[in-house]
1. Out of segment B:389-403, which residues are surrounded by 14 or more Cβ atoms within 10 Å (Cβ to Cβ) and in a loop (DSSP other than H, G, I, E, B)?
2. What is the one condition in (1) over 18 Å from B:LEU426 (Cβ atoms); (2) within 10 Å of chain B (Cβ to nearest Cβ); (3) buried (at least 21 other Cβ atoms within 10 Å of the Cβ); (4) within 15 Å of the chain's Cα centre (by Cα) that A:ALA41 does not satisfy?
3. Residues of segment A:61-79 being part of a helix (DSSP H, G or I) and closer than 15 Å to B:SER398 by Cα, which ones?
4. For residues in segment A:25-35 being over 14 Å from B:MET53 (Cα atoms) and either crowded, with 23+ Cβ neighbours inside 10 Å or not hydrophobic (A, V, I, L, M, F, W, C) (or both), which is modelled with the lowest pLDDT?
5. Condition first: facing chain B (nearest Cβ under 9 Å) and touching an Asp or Glu at 6+ places or on another chain (Cβ under 8 Å). Now tell me which residues in segment A:44-71 satisfy that.
6. Could you pull out the residue among B:VAL257, B:VAL319, B:VAL276 that is closer than 28 Å to B:PHE209 by Cβ and surrounded by 24 or more Cβ atoms within 10 Å (Cβ to Cβ)?
7. When residues of segment B:357-379 are filtered for being more than 10 Å from chain A (Cβ to nearest Cβ) and touching a Lys or Arg at 6+ places or on another chain (Cβ under 9 Å), how many remain?
8. Within segment B:380-426, which residues are at the interface with another protein chain (Cβ under 9 Å from one of its Cβ atoms), touching a residue at least 24 places away in the same chain (Cβ under 8 Å), aliphatic (A, V, I, L, M) and touching a Leu at 6+ places or on another chain (Cβ under 7 Å)?
Amino acid sequence: MPHPKFTQTVASALLLMSAWPVLAQDAAAALHQRADAATCANCHGSEGRTVPGSSVPSIAGLPRDYMVAQMKAFKDGSRPATVMHQLTKGLTDQQIESMADYFAALKR
Amino acid sequence: MQRRTLLQTGLALGSLSALSGCATLTSQAPAKAQVVVIGGGYGGATAAKYVRMLSNYKISVVLVEPNNTFISCPMSNLVLGGSKTMAQITTPYGALSSKHGVTLVHDLVTSIDAAKKTITLKKGPTIGYDKLILSPGVDMNFDSIEGLQAANASGQILQAWKAGAETTALRKQLEAMPDSGVFAITVPEAPYKCPPGPYERASQVAHYFKQAKPKSKVLILDANPDITSKPALFKKFWSDNYKDIIEFRANHKVTAVDAKTNTLKFDVQESLRADVLNVLPAMRAGSIAMQTGLATVNNRWCGINYQTFESLAAKDIHVLGDATLAAPAMPKSGHMANSHGKVAAAAVVAQLSDLAVNPSPLLTNTCYSYVSDKLVIHVASVHQYNAQEKTFKTVPGSGGLSTEANALEGTYAWNWAQNIWADTLL
(Lines give C-alpha, C1' and ligand atoms only; values in the text may rest on other atoms or scores of the structure.)
Protein backbone atom coordinates (compact mmCIF):
# COMPACT_ATOMS: atom_id res chain seq x y z
CA MET A 1 0.00 0.00 0.00
CA PRO A 2 1.46 3.35 -0.98
CA HIS A 3 2.21 5.92 1.68
CA PRO A 4 -0.84 8.17 2.12
CA LYS A 5 1.29 11.30 1.68
CA PHE A 6 2.67 9.86 -1.58
CA THR A 7 -0.88 9.25 -2.86
CA GLN A 8 -1.84 12.79 -1.92
CA THR A 9 1.19 14.22 -3.71
CA VAL A 10 0.45 12.26 -6.87
CA ALA A 11 -3.17 13.27 -6.71
CA SER A 12 -2.21 16.95 -6.35
CA ALA A 13 0.24 16.64 -9.21
CA LEU A 14 -2.40 15.02 -11.42
CA LEU A 15 -4.88 17.71 -10.48
CA LEU A 16 -2.32 20.40 -11.31
CA MET A 17 -1.54 18.78 -14.64
CA SER A 18 -5.16 18.63 -15.64
CA ALA A 19 -5.88 22.10 -14.32
CA TRP A 20 -2.90 23.78 -15.99
CA PRO A 21 -4.29 23.93 -19.54
CA VAL A 22 -7.59 25.26 -18.18
CA LEU A 23 -5.78 27.92 -16.15
CA ALA A 24 -3.67 28.83 -19.17
CA GLN A 25 -6.80 29.06 -21.31
CA ASP A 26 -8.45 31.30 -18.73
CA ALA A 27 -5.35 33.46 -18.47
CA ALA A 28 -5.14 33.76 -22.25
CA ALA A 29 -8.84 34.59 -22.57
CA ALA A 30 -8.51 37.27 -19.86
CA LEU A 31 -5.50 38.78 -21.65
CA HIS A 32 -7.31 38.87 -25.00
CA GLN A 33 -10.42 40.40 -23.45
CA ARG A 34 -8.33 43.10 -21.75
CA ALA A 35 -6.42 43.87 -24.96
CA ASP A 36 -9.63 44.13 -27.00
CA ALA A 37 -11.18 46.40 -24.37
CA ALA A 38 -8.04 48.57 -24.48
CA THR A 39 -9.09 49.68 -27.96
CA CYS A 40 -11.70 51.86 -26.19
CA ALA A 41 -8.97 53.51 -24.10
CA ASN A 42 -7.68 55.77 -26.89
CA CYS A 43 -10.71 58.02 -26.26
CA HIS A 44 -12.21 56.69 -22.99
CA GLY A 45 -8.91 56.53 -21.07
CA SER A 46 -6.67 53.70 -19.86
CA GLU A 47 -8.86 51.14 -18.06
CA GLY A 48 -11.87 53.27 -19.05
CA ARG A 49 -10.94 56.29 -16.92
CA THR A 50 -10.70 59.62 -18.76
CA VAL A 51 -8.68 62.66 -17.68
CA PRO A 52 -10.44 65.08 -15.29
CA GLY A 53 -12.93 67.37 -17.04
CA SER A 54 -13.13 65.21 -20.17
CA SER A 55 -16.29 65.55 -22.24
CA VAL A 56 -15.68 62.00 -23.46
CA PRO A 57 -17.08 59.97 -20.54
CA SER A 58 -15.27 57.45 -18.33
CA ILE A 59 -16.70 53.95 -18.78
CA ALA A 60 -14.99 52.07 -15.92
CA GLY A 61 -17.51 50.63 -13.47
CA LEU A 62 -20.61 51.35 -15.54
CA PRO A 63 -23.30 48.66 -15.12
CA ARG A 64 -22.80 45.89 -17.66
CA ASP A 65 -26.35 45.81 -19.02
CA TYR A 66 -26.46 49.60 -19.34
CA MET A 67 -23.26 49.55 -21.37
CA VAL A 68 -24.47 46.74 -23.63
CA ALA A 69 -27.78 48.57 -24.20
CA GLN A 70 -26.01 51.85 -25.08
CA MET A 71 -23.52 50.20 -27.45
CA LYS A 72 -26.35 48.36 -29.21
CA ALA A 73 -28.37 51.58 -29.39
CA PHE A 74 -25.40 53.30 -31.08
CA LYS A 75 -25.08 50.33 -33.39
CA ASP A 76 -28.73 50.29 -34.52
CA GLY A 77 -28.84 54.08 -34.75
CA SER A 78 -31.45 54.63 -32.02
CA ARG A 79 -28.92 56.66 -29.98
CA PRO A 80 -27.41 59.45 -32.09
CA ALA A 81 -23.64 59.99 -31.98
CA THR A 82 -20.75 61.68 -33.73
CA VAL A 83 -18.45 58.64 -33.90
CA MET A 84 -19.78 55.79 -31.73
CA HIS A 85 -22.44 54.70 -34.24
CA GLN A 86 -19.67 54.16 -36.79
CA LEU A 87 -17.35 52.31 -34.38
CA THR A 88 -19.99 50.02 -32.84
CA LYS A 89 -21.05 48.89 -36.31
CA GLY A 90 -17.60 47.28 -36.48
CA LEU A 91 -18.19 45.19 -33.35
CA THR A 92 -20.06 41.89 -32.96
CA ASP A 93 -22.58 41.57 -30.16
CA GLN A 94 -20.14 39.17 -28.51
CA GLN A 95 -17.35 41.80 -28.62
CA ILE A 96 -19.73 44.40 -27.19
CA GLU A 97 -20.70 42.08 -24.32
CA SER A 98 -17.08 41.16 -23.62
CA MET A 99 -16.07 44.84 -23.44
CA ALA A 100 -19.02 45.63 -21.18
CA ASP A 101 -18.10 42.71 -18.90
CA TYR A 102 -14.54 44.00 -18.67
CA PHE A 103 -15.34 47.64 -17.87
CA ALA A 104 -18.24 46.76 -15.52
CA ALA A 105 -15.81 44.77 -13.35
CA LEU A 106 -13.47 47.77 -12.88
CA LYS A 107 -13.72 50.37 -10.15
CA ARG A 108 -15.07 53.73 -11.27
CA MET B 1 12.16 27.38 -15.54
CA GLN B 2 13.84 29.91 -17.76
CA ARG B 3 10.66 31.92 -17.74
CA ARG B 4 10.54 32.02 -13.97
CA THR B 5 14.14 33.20 -13.79
CA LEU B 6 13.31 35.89 -16.29
CA LEU B 7 10.24 36.96 -14.36
CA GLN B 8 12.31 37.26 -11.17
CA THR B 9 14.98 39.19 -13.00
CA GLY B 10 12.29 41.43 -14.36
CA LEU B 11 10.88 42.12 -10.91
CA ALA B 12 14.35 42.85 -9.54
CA LEU B 13 15.09 45.24 -12.38
CA GLY B 14 11.76 46.95 -11.96
CA SER B 15 12.28 47.54 -8.25
CA LEU B 16 15.88 48.62 -8.76
CA SER B 17 14.97 51.32 -11.20
CA ALA B 18 12.13 52.44 -8.94
CA LEU B 19 14.48 52.68 -5.96
CA SER B 20 17.33 54.41 -7.74
CA GLY B 21 15.16 57.30 -8.88
CA CYS B 22 17.65 57.78 -11.70
CA ALA B 23 15.90 55.62 -14.24
CA THR B 24 16.33 58.19 -16.96
CA LEU B 25 20.13 58.11 -16.88
CA THR B 26 21.73 56.10 -19.62
CA SER B 27 24.19 54.64 -17.16
CA GLN B 28 21.24 53.02 -15.37
CA ALA B 29 20.24 51.02 -18.44
CA PRO B 30 20.28 47.36 -17.46
CA ALA B 31 22.42 44.90 -19.40
CA LYS B 32 19.38 42.73 -20.06
CA ALA B 33 15.67 43.46 -20.22
CA GLN B 34 12.85 41.17 -21.19
CA VAL B 35 11.29 43.73 -23.50
CA VAL B 36 13.10 46.64 -25.10
CA VAL B 37 11.00 49.24 -26.91
CA ILE B 38 12.67 51.56 -29.41
CA GLY B 39 10.81 54.81 -30.07
CA GLY B 40 8.57 56.73 -27.66
CA GLY B 41 5.90 57.94 -30.07
CA TYR B 42 2.22 56.93 -30.02
CA GLY B 43 3.13 53.33 -30.90
CA GLY B 44 6.22 52.67 -28.78
CA ALA B 45 5.20 54.50 -25.61
CA THR B 46 1.80 52.76 -25.65
CA ALA B 47 3.46 49.36 -26.17
CA ALA B 48 5.88 49.99 -23.27
CA LYS B 49 3.06 50.95 -20.91
CA TYR B 50 0.76 48.12 -21.99
CA VAL B 51 3.42 45.38 -21.75
CA ARG B 52 3.75 46.47 -18.12
CA MET B 53 -0.02 46.67 -17.55
CA LEU B 54 -1.03 43.51 -19.41
CA SER B 55 1.69 41.47 -17.64
CA ASN B 56 0.43 42.81 -14.30
CA TYR B 57 3.78 44.58 -13.99
CA LYS B 58 5.78 41.32 -14.13
CA ILE B 59 7.64 41.83 -17.40
CA SER B 60 10.41 44.43 -17.31
CA VAL B 61 10.46 47.05 -20.04
CA VAL B 62 13.17 49.45 -21.21
CA LEU B 63 12.04 52.30 -23.50
CA VAL B 64 14.73 53.98 -25.61
CA GLU B 65 13.76 57.42 -26.91
CA PRO B 66 16.13 60.30 -27.73
CA ASN B 67 13.72 63.15 -26.90
CA ASN B 68 13.12 64.25 -23.31
CA THR B 69 9.47 65.10 -23.89
CA PHE B 70 6.70 63.83 -26.15
CA ILE B 71 5.54 66.46 -28.63
CA SER B 72 2.34 65.39 -30.37
CA CYS B 73 2.08 65.53 -34.15
CA PRO B 74 -1.75 65.45 -33.94
CA MET B 75 -2.77 68.97 -32.82
CA SER B 76 0.57 70.48 -33.95
CA ASN B 77 -1.24 72.09 -36.90
CA LEU B 78 -3.15 74.15 -34.31
CA VAL B 79 0.18 75.70 -33.28
CA LEU B 80 0.66 76.77 -36.92
CA GLY B 81 -2.88 78.16 -36.93
CA GLY B 82 -2.16 80.04 -33.71
CA SER B 83 -4.89 78.61 -31.45
CA LYS B 84 -2.60 76.33 -29.38
CA THR B 85 0.95 76.60 -28.02
CA MET B 86 3.81 74.06 -28.10
CA ALA B 87 3.43 73.66 -24.32
CA GLN B 88 -0.18 72.51 -24.83
CA ILE B 89 0.89 69.65 -27.12
CA THR B 90 3.88 68.53 -25.01
CA THR B 91 3.80 65.77 -22.37
CA PRO B 92 6.73 64.58 -20.24
CA TYR B 93 7.76 60.90 -20.27
CA GLY B 94 8.28 60.66 -16.49
CA ALA B 95 5.01 58.92 -15.58
CA LEU B 96 5.94 55.88 -17.67
CA SER B 97 8.76 55.42 -15.18
CA SER B 98 7.22 56.63 -11.91
CA LYS B 99 3.75 55.15 -12.41
CA HIS B 100 4.41 52.13 -14.62
CA GLY B 101 8.00 51.12 -13.83
CA VAL B 102 9.27 51.47 -17.40
CA THR B 103 13.01 52.12 -17.46
CA LEU B 104 13.49 55.22 -19.63
CA VAL B 105 16.71 55.58 -21.56
CA HIS B 106 17.08 58.86 -23.45
CA ASP B 107 19.52 57.82 -26.15
CA LEU B 108 19.70 56.84 -29.81
CA VAL B 109 19.92 53.23 -30.96
CA THR B 110 22.84 52.86 -33.36
CA SER B 111 22.35 49.17 -34.23
CA ILE B 112 20.25 46.10 -33.62
CA ASP B 113 21.74 42.60 -33.67
CA ALA B 114 18.76 40.37 -34.37
CA ALA B 115 20.85 37.18 -34.07
CA LYS B 116 22.37 38.04 -30.68
CA LYS B 117 19.17 39.84 -29.62
CA THR B 118 20.94 43.00 -28.50
CA ILE B 119 20.70 46.71 -29.24
CA THR B 120 23.59 49.16 -29.07
CA LEU B 121 23.11 52.72 -27.87
CA LYS B 122 24.98 55.82 -29.03
CA LYS B 123 26.02 56.98 -25.57
CA GLY B 124 25.30 53.93 -23.45
CA PRO B 125 25.79 50.20 -23.27
CA THR B 126 24.53 47.25 -25.26
CA ILE B 127 21.21 45.92 -23.96
CA GLY B 128 19.93 42.37 -24.48
CA TYR B 129 16.27 41.57 -25.01
CA ASP B 130 13.92 38.63 -25.22
CA LYS B 131 11.49 40.67 -27.29
CA LEU B 132 12.19 43.91 -29.14
CA ILE B 133 9.35 46.27 -30.04
CA LEU B 134 10.43 48.70 -32.72
CA SER B 135 8.32 51.79 -33.34
CA PRO B 136 10.67 54.04 -35.30
CA GLY B 137 8.08 56.11 -37.16
CA VAL B 138 8.93 57.46 -40.59
CA ASP B 139 12.00 59.17 -41.96
CA MET B 140 11.70 61.98 -44.46
CA ASN B 141 13.38 60.92 -47.70
CA PHE B 142 14.92 64.31 -48.45
CA ASP B 143 16.94 62.83 -51.30
CA SER B 144 13.70 62.24 -53.25
CA ILE B 145 13.62 66.00 -54.00
CA GLU B 146 16.70 67.70 -55.41
CA GLY B 147 18.05 70.48 -53.21
CA LEU B 148 15.72 69.76 -50.29
CA GLN B 149 18.29 68.26 -47.92
CA ALA B 150 20.40 71.43 -47.90
CA ALA B 151 17.37 73.76 -47.89
CA ASN B 152 15.96 71.92 -44.86
CA ALA B 153 19.29 71.82 -43.03
CA SER B 154 19.65 75.59 -43.44
CA GLY B 155 16.19 76.06 -41.93
CA GLN B 156 14.74 77.70 -45.01
CA ILE B 157 12.40 75.00 -46.34
CA LEU B 158 10.76 73.11 -43.49
CA GLN B 159 8.75 69.90 -43.21
CA ALA B 160 7.43 70.33 -39.62
CA TRP B 161 5.84 66.89 -40.13
CA LYS B 162 7.63 65.66 -37.04
CA ALA B 163 6.34 68.14 -34.47
CA GLY B 164 9.02 70.04 -32.58
CA ALA B 165 11.48 72.82 -33.37
CA GLU B 166 10.34 72.93 -37.02
CA THR B 167 6.73 73.53 -35.91
CA THR B 168 7.81 76.66 -34.03
CA ALA B 169 10.06 77.74 -36.91
CA LEU B 170 7.32 77.33 -39.54
CA ARG B 171 4.91 79.38 -37.41
CA LYS B 172 7.56 82.13 -37.27
CA GLN B 173 7.94 82.05 -41.07
CA LEU B 174 4.16 82.46 -41.41
CA GLU B 175 4.14 85.34 -38.93
CA ALA B 176 7.02 87.04 -40.76
CA MET B 177 5.39 86.66 -44.19
CA PRO B 178 3.93 89.94 -45.51
CA ASP B 179 0.22 90.11 -46.31
CA SER B 180 -0.56 89.22 -49.92
CA GLY B 181 2.12 86.50 -49.69
CA VAL B 182 1.75 82.86 -50.72
CA PHE B 183 2.21 79.80 -48.50
CA ALA B 184 2.69 76.59 -50.53
CA ILE B 185 2.47 73.12 -49.06
CA THR B 186 3.41 70.10 -51.16
CA VAL B 187 1.97 66.63 -50.54
CA PRO B 188 3.88 63.45 -51.46
CA GLU B 189 2.30 60.42 -53.08
CA ALA B 190 0.40 58.22 -50.60
CA PRO B 191 1.17 56.38 -48.40
CA TYR B 192 2.63 59.00 -46.07
CA LYS B 193 2.23 59.69 -42.36
CA CYS B 194 -1.11 61.32 -41.41
CA PRO B 195 -3.28 61.24 -44.58
CA PRO B 196 -5.53 64.24 -43.69
CA GLY B 197 -2.64 66.21 -42.13
CA PRO B 198 -1.65 68.34 -45.15
CA TYR B 199 -5.25 69.47 -45.69
CA GLU B 200 -5.75 70.21 -42.00
CA ARG B 201 -2.53 72.24 -42.11
CA ALA B 202 -3.70 74.17 -45.17
CA SER B 203 -6.98 74.87 -43.32
CA GLN B 204 -5.14 76.09 -40.23
CA VAL B 205 -2.88 78.42 -42.20
CA ALA B 206 -5.93 79.72 -44.12
CA HIS B 207 -7.70 80.32 -40.79
CA TYR B 208 -4.69 82.34 -39.60
CA PHE B 209 -4.49 84.30 -42.88
CA LYS B 210 -8.20 85.07 -42.77
CA GLN B 211 -7.74 86.76 -39.38
CA ALA B 212 -4.29 88.32 -39.80
CA LYS B 213 -3.34 88.46 -43.50
CA PRO B 214 -6.52 88.42 -45.56
CA LYS B 215 -4.82 89.15 -48.88
CA SER B 216 -2.57 86.06 -48.59
CA LYS B 217 -3.01 82.68 -50.29
CA VAL B 218 -2.56 79.01 -49.44
CA LEU B 219 -1.53 76.81 -52.33
CA ILE B 220 -1.74 73.00 -52.02
CA LEU B 221 0.39 71.14 -54.56
CA ASP B 222 -0.57 67.49 -54.30
CA ALA B 223 1.26 64.61 -56.01
CA ASN B 224 -1.96 62.58 -55.71
CA PRO B 225 -4.92 62.71 -58.13
CA ASP B 226 -7.20 64.09 -55.37
CA ILE B 227 -7.25 64.99 -51.68
CA THR B 228 -6.12 61.80 -49.89
CA SER B 229 -8.54 61.90 -46.93
CA LYS B 230 -12.03 63.36 -46.38
CA PRO B 231 -11.97 65.09 -49.83
CA ALA B 232 -15.63 66.15 -49.97
CA LEU B 233 -15.63 67.53 -46.41
CA PHE B 234 -12.45 69.56 -46.91
CA LYS B 235 -13.60 70.91 -50.29
CA LYS B 236 -17.02 71.93 -48.93
CA PHE B 237 -15.50 73.78 -45.97
CA TRP B 238 -12.88 75.49 -48.12
CA SER B 239 -15.41 76.68 -50.67
CA ASP B 240 -17.70 77.99 -47.89
CA ASN B 241 -14.96 79.60 -45.79
CA TYR B 242 -11.62 79.94 -47.58
CA LYS B 243 -12.78 80.39 -51.17
CA ASP B 244 -10.37 83.19 -51.98
CA ILE B 245 -7.55 81.83 -49.84
CA ILE B 246 -7.03 78.11 -50.57
CA GLU B 247 -6.25 76.77 -54.00
CA PHE B 248 -5.86 73.02 -54.50
CA ARG B 249 -3.90 71.60 -57.44
CA ALA B 250 -3.80 67.83 -57.99
CA ASN B 251 -1.13 65.77 -59.77
CA HIS B 252 1.71 68.13 -58.85
CA LYS B 253 4.79 66.10 -58.06
CA VAL B 254 7.76 68.12 -56.80
CA THR B 255 11.12 67.06 -58.21
CA ALA B 256 13.39 69.88 -57.02
CA VAL B 257 13.53 73.02 -54.89
CA ASP B 258 15.62 76.11 -55.46
CA ALA B 259 16.30 77.65 -52.07
CA LYS B 260 17.80 80.86 -53.53
CA THR B 261 14.56 81.84 -55.23
CA ASN B 262 12.13 79.79 -53.07
CA THR B 263 10.97 77.97 -56.18
CA LEU B 264 9.39 74.54 -56.64
CA LYS B 265 10.02 72.45 -59.73
CA PHE B 266 7.59 69.75 -60.90
CA ASP B 267 7.84 66.74 -63.15
CA VAL B 268 5.25 68.15 -65.59
CA GLN B 269 4.04 71.66 -64.71
CA GLU B 270 5.75 75.05 -64.77
CA SER B 271 7.92 75.96 -61.79
CA LEU B 272 6.46 78.30 -59.21
CA ARG B 273 7.65 80.52 -56.39
CA ALA B 274 6.08 81.07 -52.98
CA ASP B 275 6.93 83.17 -49.94
CA VAL B 276 6.82 80.28 -47.46
CA LEU B 277 7.42 76.73 -48.66
CA ASN B 278 6.43 73.64 -46.68
CA VAL B 279 7.73 70.66 -48.64
CA LEU B 280 6.78 67.15 -47.51
CA PRO B 281 9.03 64.60 -49.21
CA ALA B 282 8.29 60.90 -49.69
CA MET B 283 8.48 58.96 -46.43
CA ARG B 284 9.74 55.51 -45.44
CA ALA B 285 10.30 53.41 -42.33
CA GLY B 286 12.68 54.99 -39.81
CA SER B 287 16.37 54.46 -40.55
CA ILE B 288 16.96 51.92 -37.76
CA ALA B 289 14.38 49.63 -39.39
CA MET B 290 15.95 50.19 -42.81
CA GLN B 291 19.51 49.41 -41.65
CA THR B 292 18.36 46.30 -39.74
CA GLY B 293 16.89 44.90 -42.94
CA LEU B 294 13.31 45.01 -41.68
CA ALA B 295 11.91 47.22 -44.48
CA THR B 296 11.05 44.21 -46.62
CA VAL B 297 8.46 45.92 -48.82
CA ASN B 298 9.92 48.05 -51.65
CA ASN B 299 12.85 48.71 -49.32
CA ARG B 300 10.46 51.19 -47.72
CA TRP B 301 7.96 49.65 -45.26
CA CYS B 302 8.27 46.79 -42.75
CA GLY B 303 6.36 43.61 -43.52
CA ILE B 304 4.79 42.08 -40.39
CA ASN B 305 2.67 39.21 -39.18
CA TYR B 306 -0.46 41.27 -38.48
CA GLN B 307 -1.66 38.99 -35.69
CA THR B 308 1.43 39.64 -33.54
CA PHE B 309 3.19 42.54 -35.35
CA GLU B 310 6.31 40.36 -35.45
CA SER B 311 8.64 41.23 -38.33
CA LEU B 312 8.60 38.89 -41.31
CA ALA B 313 12.39 39.35 -41.48
CA ALA B 314 13.52 38.85 -37.86
CA LYS B 315 12.20 36.66 -35.05
CA ASP B 316 11.30 38.36 -31.76
CA ILE B 317 11.34 41.85 -33.29
CA HIS B 318 7.84 43.35 -33.39
CA VAL B 319 7.44 46.42 -35.62
CA LEU B 320 4.49 48.79 -35.30
CA GLY B 321 3.15 52.20 -36.20
CA ASP B 322 3.88 54.26 -39.31
CA ALA B 323 6.92 52.12 -40.28
CA THR B 324 4.81 49.05 -41.07
CA LEU B 325 3.30 48.09 -44.40
CA ALA B 326 -0.29 49.20 -43.85
CA ALA B 327 -3.07 46.64 -44.18
CA PRO B 328 -5.87 47.68 -46.60
CA ALA B 329 -7.41 51.07 -45.63
CA MET B 330 -5.23 51.33 -42.54
CA PRO B 331 -3.99 54.92 -42.04
CA LYS B 332 -0.55 55.84 -40.74
CA SER B 333 -1.93 57.79 -37.77
CA GLY B 334 -1.12 58.32 -34.10
CA HIS B 335 -4.42 56.73 -33.08
CA MET B 336 -3.63 53.67 -35.22
CA ALA B 337 -0.09 53.44 -33.81
CA ASN B 338 -1.53 53.51 -30.27
CA SER B 339 -3.89 50.67 -31.29
CA HIS B 340 -0.96 48.74 -32.82
CA GLY B 341 0.93 49.19 -29.54
CA LYS B 342 -1.77 47.39 -27.58
CA VAL B 343 -2.11 44.44 -29.98
CA ALA B 344 1.69 44.05 -30.14
CA ALA B 345 2.00 44.36 -26.33
CA ALA B 346 -0.67 41.69 -25.80
CA ALA B 347 1.06 39.34 -28.28
CA VAL B 348 4.45 39.86 -26.61
CA VAL B 349 2.99 39.28 -23.13
CA ALA B 350 1.23 36.12 -24.36
CA GLN B 351 4.36 34.73 -26.00
CA LEU B 352 6.61 35.49 -22.99
CA SER B 353 4.01 33.86 -20.70
CA ASP B 354 3.48 30.71 -22.83
CA LEU B 355 -0.13 31.73 -23.49
CA ALA B 356 -2.04 31.57 -26.76
CA VAL B 357 -1.90 34.71 -28.90
CA ASN B 358 -5.19 36.54 -29.50
CA PRO B 359 -6.78 34.77 -32.51
CA SER B 360 -8.80 37.85 -33.57
CA PRO B 361 -7.20 41.15 -32.52
CA LEU B 362 -9.09 44.40 -33.13
CA LEU B 363 -7.96 47.91 -34.08
CA THR B 364 -9.92 51.13 -34.17
CA ASN B 365 -9.03 54.53 -35.58
CA THR B 366 -10.45 58.04 -35.43
CA CYS B 367 -8.68 60.92 -37.19
CA TYR B 368 -10.03 64.34 -36.28
CA SER B 369 -9.04 67.33 -38.44
CA TYR B 370 -9.51 70.95 -37.36
CA VAL B 371 -10.66 73.04 -40.31
CA SER B 372 -10.73 76.21 -38.16
CA ASP B 373 -9.78 76.89 -34.54
CA LYS B 374 -13.04 75.28 -33.34
CA LEU B 375 -14.66 73.26 -36.14
CA VAL B 376 -13.70 69.65 -36.81
CA ILE B 377 -14.33 66.81 -39.26
CA HIS B 378 -13.45 63.15 -38.62
CA VAL B 379 -12.94 59.81 -40.34
CA ALA B 380 -13.33 56.62 -38.27
CA SER B 381 -12.70 52.94 -39.00
CA VAL B 382 -12.71 49.50 -37.35
CA HIS B 383 -10.15 46.89 -38.43
CA GLN B 384 -10.67 43.22 -37.57
CA TYR B 385 -7.92 40.60 -38.01
CA ASN B 386 -8.90 38.02 -40.63
CA ALA B 387 -7.19 34.68 -39.92
CA GLN B 388 -7.82 33.26 -43.41
CA GLU B 389 -6.29 36.22 -45.20
CA LYS B 390 -3.74 36.93 -42.44
CA THR B 391 -4.39 40.66 -42.50
CA PHE B 392 -6.61 43.32 -40.93
CA LYS B 393 -9.72 44.22 -42.88
CA THR B 394 -12.20 47.00 -42.22
CA VAL B 395 -15.52 45.62 -41.02
CA PRO B 396 -18.15 46.11 -43.74
CA GLY B 397 -20.71 48.79 -42.77
CA SER B 398 -18.50 50.23 -40.02
CA GLY B 399 -16.63 53.51 -39.87
CA GLY B 400 -17.45 56.74 -41.66
CA LEU B 401 -17.17 60.49 -41.76
CA SER B 402 -18.67 63.56 -40.12
CA THR B 403 -21.71 64.88 -41.94
CA GLU B 404 -20.19 68.38 -41.83
CA ALA B 405 -17.65 70.43 -39.89
CA ASN B 406 -19.01 71.02 -36.39
CA ALA B 407 -18.08 72.47 -32.99
CA LEU B 408 -19.18 69.44 -30.92
CA GLU B 409 -16.49 67.36 -32.58
CA GLY B 410 -14.11 70.27 -31.99
CA THR B 411 -14.65 69.71 -28.26
CA TYR B 412 -14.36 65.94 -28.64
CA ALA B 413 -11.19 66.24 -30.72
CA TRP B 414 -9.36 68.22 -28.04
CA ASN B 415 -10.62 65.75 -25.39
CA TRP B 416 -9.50 62.89 -27.62
CA ALA B 417 -6.01 64.39 -27.55
CA GLN B 418 -5.97 64.67 -23.75
CA ASN B 419 -7.18 61.10 -23.34
CA ILE B 420 -4.89 59.49 -25.91
CA TRP B 421 -1.88 61.36 -24.49
CA ALA B 422 -2.81 59.98 -21.07
CA ASP B 423 -3.42 56.49 -22.49
CA THR B 424 -0.03 56.57 -24.20
CA LEU B 425 2.10 58.26 -21.54
CA LEU B 426 0.45 58.62 -18.12
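The values are calculated or read from the model by the stated rules, or taken from the named source; none is laboratory data. Note that this is a predicted model, so its numbers are computed, not measured. Cβ sites come from the backbone with ideal geometry, for glycine too, and all protein chains shown count toward neighbours.
1. Result: B:VAL395, B:SER398, B:GLY399, B:SER402.
2. For A:ALA41, the failing item is (1).
3. A:MET71, A:LYS72, A:ALA73, A:PHE74, A:LYS75, A:ASP76
4. So, considering only residues that are over 14 Å from B:MET53 (Cα atoms) and either crowded, with 23+ Cβ neighbours inside 10 Å or not hydrophobic (A, V, I, L, M, F, W, C) (or both), the one modelled with the lowest pLDDT is A:GLN25.
5. A:GLY45, A:SER46 - these are the residues of segment A:44-71 that are facing chain B (nearest Cβ under 9 Å) and touching an Asp or Glu at 6+ places or on another chain (Cβ under 8 Å).
6. Of the residues listed, the single one that is closer than 28 Å to B:PHE209 by Cβ and surrounded by 24 or more Cβ atoms within 10 Å (Cβ to Cβ) is B:VAL257.
7. Applying the first criterion (more than 10 Å from chain A (Cβ to nearest Cβ)) to segment B:357-379 yields B:367, B:369-375, B:377.
If we keep only those that are touching a Lys or Arg at 6+ places or on another chain (Cβ under 9 Å) as well, we get B:367, B:369, B:372-373, B:377.
Qualifying residue count for the region: 5.
8. B:LEU401 - this is the single residue of segment B:380-426 that is at the interface with another protein chain (Cβ under 9 Å from one of its Cβ atoms), touching a residue at least 24 places away in the same chain (Cβ under 8 Å), aliphatic (A, V, I, L, M) and touching a Leu at 6+ places or on another chain (Cβ under 7 Å).
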